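Let me begin by presenting the structure, written as structure tokens, before commenting on it.
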Amino acid sequence: MLGTRLTAEVRPPAVAGSFYPGERTALEREVKEFLAAGAPAGEVVALIAPHAGYVFSGATAGKTFATLAGRSVSRVVLLGPSHHASFRGGALPPAGVTAFATPLGTLPLDRAAVETLRHTPLFDGPPSAHAPEHCLEVELPFLQAALGEVPIVPVLVGSATDAPTVQELARGLSRVVGDGTVVVVSSDFTHHGSPYGYAPFAGERELGRRLVTIGRDTAERAAALDLRGFSQQIDVSGDTVCGARPISVLLALLSHAFAGSGRVVEVTTSGEVSGTWSQVVTYAGVVFSGRWQPWRDDPKEPQLGTLSSEEKTALLALARATLESHLVHDTSLARWFAAHPVTGNLAAKAGAFVTIHNRPEKARLEGRLRGCIGVIEAHEPLVDAVVHAAVSAAHDPRFPPLAREELPRVSLEISVLSPLRPVPDYDAIRLGIHGVLLTKGSRHALFLPQVATETGWDLPTFLSQLSLKAGLPPDAWRSGASFQVFTADVFGEPE
């Protein structure tokens, strides 16, 4: 019988001599100097470290990896973003690869752990992505100097990885973490400058200070194991954290299979080394100390109840922080999550709308409504529904996009919706109490309960305007249309 013989392969270094010294003695000396600036930190089981050229990020990486000194480590799981291939999920090295090499020697793959993941859903990304990738490679000399010839499990996470996939990857990784396992996530933080397509602070005199503040506030959400706050801050602000997806996988893993805490080691920028601020990258080191535990499923979701005055105040502050982070690109949203635990009604699934009103002086010239968009069905927790509705309302297609300069001149209103229920006909609609969803054929449109109160329309006028909003003739509501109604808890900022 003919068979196929698998030969052992070593992945050679791809960026030795460019990102870090290509000669063994020079590399060993440089890495040890970086590590000497840090200190051991107890039972560190996971960390986030940068992956730029050592001249820029080596000092931050060294202080972060130094926390592992003295640890007895049996396996290191490496997670990083794929810079050369786009895919969803995780990518493992090619089946024949048995080790990764650097000028300091080789680190063997933990073949059993790799094979476990290879047979786990969503770890089927392209193995070829590993060949040119630098993000995991630049961490290896630090591991070699701090831990010796420790077995590794290299995983690249694709940029198309969505929130459900993040959770599934984390669950899969929980099968290969335990006592003696360290998880290392490789990521730089904000990439600022025209070459990166992200330069909201171009020309600022205190750019370095601003970027460090943004980096620290964002890294603090990771250190707090706050996956929602970390992800929302990046997604809403448009921040260019290249390893956002692998960091999210780590946070999901820690949230379900870890007991302990995290802390930010350091936040720096390349500009502090280069003196160049037209193209600058932020670096952060974060460590997590504690112990791995068996996977814990999420607790049962709370049911939406009556909102307290404190919850309403928090939600209005959330909508405002969302617009600030979205339009100004600051960390208002991260700071909101730092100050507000997402519990109770904030964590309950609910439909919600955010309405943007021009304040009176602006309203006299342009009208009161500036934008209103939301989610009807209760598909996501209220806190997420408000964030998504606020961003969408800022881009209501009926109006020009909201500009950052307008923020002081608008007020915000939130409507938290009850579940929809059908009514037999339009005579069952109670103006000022019911919001209405009209559907006819493929067309539909919705008015919130307060529309009737604010406009003073009677029922025929209300339904005619709703028909027009749906792109139908004004009398389309009289026959062949169906109606669903809901109530809303409506609250807003002072005018």
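The values are calculated or read from the model by the stated rules, or taken from the named source; none is laboratory data. For clarity, every value in this text was computed on a predicted model and none was experimentally measured. For neighbour counting, all protein chains shown are included, and Cβ atoms are generated from backbone atoms with ideal geometry for every residue, glycine included.
Observations on the structure shown:
- No other residue among Thr461, Thr453, Thr439 is at pLDDT below 95 and β-branched (Val, Ile, Thr) apart from Thr453.
- Of note, Ser86 does not satisfy the criterion of being hydroxyl-bearing (Ser, Thr, Tyr), touching a residue at least 12 places away in the same chain (Cβ under 8 Å) and surrounded by 21 or more Cβ atoms within 10 Å (Cβ to Cβ).
- Inspection of segment 236-256 identifies no residue that is among the hydrophobic types (A, V, I, L, M, F, W, C) and over 30 Å from Arg296 (Cα atoms).
- Among the conditions (1) more than 38 Å from the chain's Cα centre (by Cα); (2) crowded, with 21+ Cβ neighbours inside 10 Å, the only one that His434 does not satisfy is (1).
- Residue that is nearest to Phe189 (Cα to Cα) [pool: residues in segment 237-292 that are part of a loop (DSSP other than H, G, I, E, B) and among the hydrophobic types (A, V, I, L, M, F, W, C)]: Val241
- Looking at Phe399, Phe491, Phe486, Phe462, just one residue is among the aromatic types (Phe, Trp, Tyr) and closer than 24 Å to Ser237 by Cβ, and that residue is Phe399.
- Flag if Pro401 is without any contact (Cβ under 8 Å) to a residue 60 or more places away in the chain, touching a His at 6+ places or on another chain (Cβ under 6 Å) and not assigned by TED's automatic domain parsing to the domain that holds Trp477: yes
- Among the residues of segment 146-167, those that are assigned to a loop (DSSP other than H, G, I, E, B) and either among the aromatic types (Phe, Trp, Tyr) or under 19 Å from the mean Cα position of the chain (by Cα) (or both) comprise Gly158, Ser159, Ala160, Thr161, Asp162.
- Residues in segment 469-495 that are surrounded by fewer than 14 Cβ atoms within 10 Å (Cβ to Cβ) and without any contact (Cβ under 8 Å) to a residue 24 or more places away in the chain: 4 in all.
Conditions tested, residue by residue: (1) out of contact with any Gly (no Cβ under 6 Å at 6 or more places or on another chain); (2) touching a residue at least 12 places away in the same chain (Cβ under 8 Å); (3) under 12 Å from Val184 (Cβ atoms); (4) surrounded by 15 or more Cβ atoms within 10 Å (Cβ to Cβ).
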| position | (1), (2), (3), (4) |
| --- | --- |
| Glu43 | yes, yes, no, no |
| His51 | yes, yes, yes, yes |
| Ser57 | yes, yes, no, yes |
| Val77 | yes, yes, yes, yes |
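- Among the residues of segment 216-251, those that are more than 18 Å from Pro81 (Cα to Cα) and surrounded by 23 or more Cβ atoms within 10 Å (Cβ to Cβ) comprise Glu220, Arg221, Gly229, Gln232, Gln233, Val236, Ser237.
- Residues of segment 382-420 satisfying the condition of being in contact with a helix residue (DSSP H, G or I) (Cβ under 6 Å, 6 or more places away or on another chain) and either among the polar types (S, T, N, Q) or within 16 Å of Asp489 (Cβ to Cβ) (or both): Leu382, Val383, Val386, Leu412, Ile414
- Ala170, sole failed condition from (1) under 29 Å from the mean Cα position of the chain (by Cα); (2) among the small types (Gly, Ala, Ser); (3) not in a helix (DSSP H, G or I): (3)
Table: residues versus (1) modelled with pLDDT under 95; (2) crowded, with 23+ Cβ neighbours inside 10 Å.
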residue: Arg71; (1), (2): yes, no
residue: Pro94; (1), (2): no, no
residue: Thr98; (1), (2): no, no
residue: Leu107; (1), (2): no, yes
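- Residue satisfying condition, being out of contact with any Ser or Thr (no Cβ under 9 Å at 6 or more places or on another chain), surrounded by fewer than 21 Cβ atoms within 10 Å (Cβ to Cβ) and within 24 Å of Asp217 (Cα to Cα), within set Glu301, Glu272: Glu272
- Test: residue in segment 458-478 that is β-branched (Val, Ile, Thr), in a helix (DSSP H, G or I) and more than 28 Å from the chain's Cα centre (by Cα): yes
- Some residue of segment 188-203 being assigned to a helix (DSSP H, G or I), within 26 Å of Ala252 (Cα to Cα) and either touching a residue at least 60 places away in the same chain (Cβ under 8 Å) or touching a Cys at 6+ places or on another chain (Cβ under 7 Å) (or both): no
- Unmet criterion (only one of (1) surrounded by fewer than 24 Cβ atoms within 10 Å (Cβ to Cβ); (2) part of a helix (DSSP H, G or I); (3) hydrophobic (A, V, I, L, M, F, W, C)) for Trp295: (2)
- Candidates Leu412, Leu365, Leu369 - the one that is in contact with a Leu (Cβ under 8 Å, 6 or more places away or on another chain), of a type outside the set (Asp, Glu) and outside the structural domain of Phe447 (by TED's automatic domain parsing): Leu412
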